[in-house]
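The values are calculated or read from the model by the stated rules, or taken from the named source; none is laboratory data. Because the structure is predicted, anything quoted here is derived from the model rather than measured. Glycine gets a Cβ as well: all are built from the backbone with ideal geometry, and neighbour counts include every protein chain shown.
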Amino acid sequence: MNSVIASYGCNSRDNDIRYESSSGGIFSVLAEYYLKNGGVVYGTAMSEDCKEAVYRRVDQIADLSCLRGSKYLQSKIGDTFRQVLDDLQCGVQVMFSGCPCQINGLKLFLGKEYENLFCMDIICHGVPSPELWKRYAEYFETKNHAVLKKVNFRSKKHSWNDFGLMHDSDMKQWFSPNKENPYMQMFLKNYVLRPSCYECGSKSYRTADISIGDFWGVENVLPELNDYKGTSLVLIRSEKGANIFEGIKGQIIYASCEYEQAVKRNSAEYQSAVRPVQRDDFFIDMRKLSFARLERKYLGSPIKRKVKKIAKRIIGVMNSQTLFDSM
Ligand SMILES: Cc1cc2nc3c(=O)[nH]c(=O)nc-3n(C[C@H](O)[C@H](O)[C@H](O)COP(=O)(O)OP(=O)(O)OC[C@H]3O[C@@H](n4cnc5c(N)ncnc54)[C@H](O)[C@@H]3O)c2cc1C
Ligand code: SF4
């Protein structure tokens, strides 16, 4: 197991890359470093019809954008481990990225360490069921008479962590704040995670060289890095990881901190998500109810949710007005 030897907050110097990435864009910086040196990068992309998350092998920078950004559903491995083995045996420099359990799975498959393999994992809250995503995507298309062409689970158009964004065939755009999007709400309430995610063995047994995540609380720990555009958390777990981090330092703005500070607001690094009591019923209902009925049953009526939100906003404004009047 690789334990943490250094912790950093990092932002890519390239603002366009940061805009397209979930947090500070550190994945793209690491991937470009590999691609510029003739290596290949494995990671998760959405399928062409946006109904699945799938592993893809990228060997040029022009194709890297499909791997950028978090896809909040379990990604399909297919024959990726076999492709990685072929690359490694041919002497290709390989960067493999994924959830900690996917890295552990690859290492088990390979059966031995390879000098030309670099593994990067993400701090992982857990992955939602691909079946639920497919059902939501189909429901969305029917409801909006649209054909999905692109999905962005972490759009930065309005803030750095609030909106999902979807395009249809005419490249029309929808924004759906996380707080209102039913799929994201089901994910954040932990109804939809894979069974293993509630008892994740890979949190205490990490074999990646570098782990990356969102630096929640960066404004308190490393305020000099905070510009509200998202900052990545980087945990170095091996000497190989430390050498690669040396190689990318010119492309990033970074600062180091204590591990305890770095993960203070990120319990997913060391703790599994809590399994809600409704989880088993949710999965039974997911297979027999329409998405709209599933949403009503587990999240309440969308109209009532909207009214409640508006009421909360009005009460907030009234409270601040009262405070202002009493001054
Ligand atoms: C399901 C999921 C849960 C997460 N939970 C947390 C969390 O609790 N705390 C936290 O700090 N960070 C979490 N992250 C990671 C975080 O969202 C960012 O990916 C991370 O901050 C890196 O951002 P970036 O800007 O450097 O690069 P980005 O470009 O945003 O990162 C892309 C990387 O994520 C990988 N990736 C995307 N989707 C998947 C997927 N479905 N399965 C496997 N790999 C994927 C890509 O292959 C690529 O390596 C989670 C990510 C996912 C996909
Ligand atoms: S929480 Fe654990 S088991 Fe679930 S996807 Fe993440 S690493 Fe894998």
Residues of region 145-169 satisfying the condition of being modelled with pLDDT under 70 and outside any strand (DSSP E or B): Ser159, Trp160, Asn161, Asp162, Asp168, Ser169
Conditions (1) crowded, with 18+ Cβ neighbours inside 10 Å; (2) within 11 Å of ligand 1 (Cβ to nearest atom); (3) of a type outside the set (Val, Ile, Thr): number failed by Arg265: (1)
Candidates Pro100, Pro130 - the one that is of a type outside the set (Phe, Trp, Tyr), within 16 Å of ligand 2 (Cβ to nearest atom) and touching a Leu at 6+ places or on another chain (Cβ under 6 Å): Pro130
Residue match in region 172-186 (condition: in a loop (DSSP other than H, G, I, E, B), free of Cβ contacts under 8 Å to residues at least 60 places away in the same chain and surrounded by fewer than 17 Cβ atoms within 10 Å (Cβ to Cβ)): yes
Some residue of region 7-21 being of a type outside the set (A, V, I, L, M), within 8 Å of ligand 1 (Cβ to nearest atom), farther than 24 Å from Leu117 by Cβ and under 16 Å from the mean Cα position of the chain (by Cα): yes
Residues satisfying the stated conditions in region 187-201, i.e. surrounded by fewer than 19 Cβ atoms within 10 Å (Cβ to Cβ) and not hydrophobic (A, V, I, L, M, F, W, C): Lys189, Arg194, Pro195, Ser196, Tyr198, Glu199, Gly201
Selection count, region 242-286, where residues are in a helix (DSSP H, G or I) and without any contact (Cβ under 8 Å) to a residue 12 or more places away in the chain: 9
Subset tally (residues that are of a type outside the set (D, E, K, R) and without any contact (Cβ under 8 Å) to a residue 12 or more places away in the chain) for region 210-241: 3
Any chance Ile248 is touching a Phe, Trp or Tyr at 6+ places or on another chain (Cβ under 6 Å), within 14 Å of ligand 1 (Cβ to nearest atom) and under 27 Å from Met95 (Cβ atoms): yes
Residues located in region 215-237, provided they are within 11 Å of ligand 1 (Cβ to nearest atom) and out of contact with any Gly (no Cβ under 7 Å at 6 or more places or on another chain): Trp216, Gly217, Lys229, Val234, Leu235
Residue list for region 202-224, filter: crowded, with 21+ Cβ neighbours inside 10 Å and in a helix (DSSP H, G or I): Val218, Val221
Filtered residue count, region 53-80, keeping only those that are out of contact with any Leu (no Cβ under 8 Å at 6 or more places or on another chain) and away from ligand 2 (no atom under 16 Å from the Cβ): 10
Failed criterion for Arg293 (all others in (1) loosely packed, with under 12 Cβ neighbours inside 10 Å; (2) farther than 30 Å from Glu131 by Cα; (3) away from ligand 1 (no atom under 16 Å from the Cβ) hold): (2)
Flag for Arg135 being basic (Lys, Arg) and near ligand 1 (Cβ under 10 Å from one of its atoms): no
Subset of region 266-308 [over 19 Å from Ser196 (Cα atoms) and aromatic (Phe, Trp, Tyr)]: Phe291, Tyr298
